[in-house]
1. May I ask you to derive the FRET efficiency for ARG23 and ARG62 from their Cβ-Cβ distance with R0 = 41 Å, giving the value to the nearest 0.05?
2. For region 6-73, what is the accessible area per residue in Å², given a 1.4 Å probe and the full set of protein chains?
3. Give me the percent of accessible area attributable to carbon and sulfur for the chain, probe 1.4 angstrom.
4. Once the Cα atoms of helix 59-87 and of the chain are each reduced to a long axis, what angle between those two axes, in degrees from 0 to 90 to the nearest 10, is obtained?
5. Once both axes come from the Cα atoms, what is the angle between helix 2-15 and the longest principal axis of the chain, in degrees from 0 to 90, rounded to 10?
6. For Rg and Dmax of the Cα atoms in Å, several values are listed as (i) 16.8, 64; (ii) 11.9, 34; (iii) 14.7, 52; flag the one computed from this structure.
7. Taking only C-alpha pairs under 8 Å that are 6+ residues apart, what is the relative contact order of the chain in percent?
Amino acid sequence: MLLDNLNLFLRIVEKGGLAAAGRELGLAPATVSERLAALEAHYNARLLTRTTRSISLTEEGRELVTGARRVLAEAEEIEARIKLGVEKISGPI
């Protein structure tokens, strides 16, 4: 679930808002808010400063953007390597 929330956080940042990220991922606005709150609770830090018209990253949010991109890229790489390994033919033919 943490990886899913990190992906959602990056979408919020890239799209510039919670509603736009939710629409792209097919999530209700309340779900997006809940998952962002869960991520902030997990890190015990405010990640975004929100107003009625805009969002901006906090210092912790900027750190998380950098780290989340790296972690998600590594997770995708690991998944690809494992799937490739499973797809290889093995054993006697």
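The values are calculated or read from the model by the stated rules, or taken from the named source; none is laboratory data. Predicted, not measured: the structure shown is a model, and the values here were computed from it. Cβ atoms come from the backbone with ideal geometry, glycine included; neighbour counts cover every protein chain shown. The protein model used for the area step is the full one, side chains on, heavy atoms only, and it has no ligands, DNA or RNA in it. Shrake-Rupley method; radii C 1.70, N 1.55, O 1.52, S 1.80 Å.
1. About 0.95, to the nearest 0.05.
2. 59
3. 55
4. Compared with the principal axis, the helix lies near 20 degrees.
5. That works out to roughly 60 degrees.
6. Looking at Rg and Dmax of the Cα atoms in Å for this model, the match is (i).
7. Computed over the chain, the figure is 25 percent.
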